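First the structure, in the form of structure tokens, and then the observations on it.
The values are calculated or read from the model by the stated rules, or taken from the named source; none is laboratory data. All values reported here derive from a predicted model rather than from experimental measurement. Note that each Cβ is placed from the backbone with ideal geometry, even for glycine, and that neighbours are counted across all protein chains shown. Accessible surface areas use protein heavy atoms only, side chains included; no ligands, DNA or RNA. Shrake-Rupley method; radii C 1.70, N 1.55, O 1.52, S 1.80 Å.
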Amino acid sequence: MATQSGITTQADIDRELTAAQEEYAAARAGGAPAAHHPARDFPPYRSSALRHPRQPLVAVKGDPETVELSAPVFGATDVTDTDGDLTVQHPGEPLGERITVSGRLLDRQGRPVRGQLIEVWQANAAGRYAHLRDCHPAPLDPNFTGVGRVLTGDDGAYTLTTIKPGAYPWRNHNNAWRPAHIHFSVFGAAFTQRLVTQMYFPGDPLFRYDPILQSVTDDAARQRLVAAYDPALTRPEWSLGYRWDIVLDGPSATWREEDHG
């Protein structure tokens, strides 16, 4: 849907989101189970129509070890403490609001998933990624690359120190802006069990206007993508603390970004 000028507006997106939410509510009232993941082709999220998988997923058969030989690896070096603190990876200090993000990686029974790789990437405080294809006319920060990684502990816990990212424009529709978020990539018990998702910050006024977040039609599932401010994690005169747990599968699973390609 678009206006007569051919430009999709926020009002167009709002109408489509409302229709999708009403359809979901009617299905739930009729006894349909809760949908923890959205459709791969969610119309208000315009690029999903072009990027979503159109064929059934291919089950990997054969020797699992052979599969993992061609899968990603941790990298040229081991994961270090510096990898988990995105504020100390350059000679100078990055600009922006310093934050600590901590939580646990869990399975569907709530058991900790130990020793697993969590990778993150994000925009800087001005809402720009350190990427050649990011054309947003916001300043780059020479002291902030916006990528990090940690391994979960025996209790499934992880901790990251970073800068709160800024909102940024995207071309889904006219005057579209994405809420502040951090991308997470999580490897489960094997490299073939990768989950990619996003963590948001509480109270962001852009939530209701964002088709990516709103594609998670189930409200409870959507709320699980929003971190909680935690004064126990806040470090005096240093950083604000946010807690965010990640559940790999089951009824309380965290939304998978790759469902949209």
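Looking only at the range 192-248, how many residues end up being surrounded by fewer than 14 Cβ atoms within 10 Å (Cβ to Cβ), acidic (Asp, Glu) and closer than 26 Å to Phe42 by Cα?
1
Here are the criteria: (1) open to solvent by less than 10 Å² (accessible area, probe 1.4 Å); (2) more than 21 Å from Ala39 (Cβ to Cβ); (3) modelled with pLDDT under 95. Tell me which single one Ala180 does not satisfy.
Every listed condition holds for Ala180 apart from (3).
Just the residues that are within 20 Å of Thr234 (Cβ to Cβ) and either open to solvent by less than 20 Å² (accessible area, probe 1.4 Å) or not in a loop (DSSP other than H, G, I, E, B) (or both), please, taken from the range 82-93. Walk me through how you get there before you give the answer.
Looking only at the range 82-93, we keep the residues that are within 20 Å of Thr234 (Cβ to Cβ), and these are 84-88, 93.
Residues satisfying the conditions are Gly84, Asp85, Leu86, Thr87.
Exactly one condition in (1) at pLDDT 90 or above; (2) among the charged types (D, E, K, R); (3) assigned to a loop (DSSP other than H, G, I, E, B) is not met by Arg40; state its number.
(1)
Out of (1) modelled with pLDDT of 85 or more; (2) open to solvent by 60 Å² or more (accessible area, probe 1.4 Å); (3) assigned to a loop (DSSP other than H, G, I, E, B), what's the single condition that is false for Tyr45?
(2)
Name the pairs: first residue in the range 94-114 and free of Cβ contacts under 8 Å to residues at least 60 places away in the same chain and within 12 Å of Trp244 (Cβ to Cβ), second residue assigned to a loop (DSSP other than H, G, I, E, B) and open to solvent by 90 Å² or more (accessible area, probe 1.4 Å), Cβ to Cβ under 6 Å, at least 6 apart or on different chains?
Final answer for the pair search is none.
Among the residues of the range 94-123, how many are open to solvent by 50 Å² or more (accessible area, probe 1.4 Å), at pLDDT 95 or above and either in a loop (DSSP other than H, G, I, E, B) or aromatic (Phe, Trp, Tyr) (or both)?
Adding up the residues that qualify gives 4.
Answer with yes or no whether Tyr129 is of a type in the set (Phe, Trp, Tyr) and either outside any loop (DSSP other than H, G, I, E, B) or open to solvent by less than 20 Å² (accessible area, probe 1.4 Å) (or both).
Judged against the criteria, Tyr129 is not a match.
Evaluate the following for Tyr158: is it in contact with a strand residue (DSSP E or B) (Cβ under 8 Å, 6 or more places away or on another chain), closer than 25 Å to Ser48 by Cβ, surrounded by 15 or more Cβ atoms within 10 Å (Cβ to Cβ) and not hydrophobic (A, V, I, L, M, F, W, C)?
Numbers: in contact with a strand residue (DSSP E or B) (Cβ under 8 Å, 6 or more places away or on another chain): yes; closer than 25 Å to Ser48 by Cβ: no; surrounded by 15 or more Cβ atoms within 10 Å (Cβ to Cβ): yes; not hydrophobic (A, V, I, L, M, F, W, C): yes.
Spelling it out, it is not the case that Tyr158 is in contact with a strand residue (DSSP E or B) (Cβ under 8 Å, 6 or more places away or on another chain), closer than 25 Å to Ser48 by Cβ, surrounded by 15 or more Cβ atoms within 10 Å (Cβ to Cβ) and not hydrophobic (A, V, I, L, M, F, W, C).
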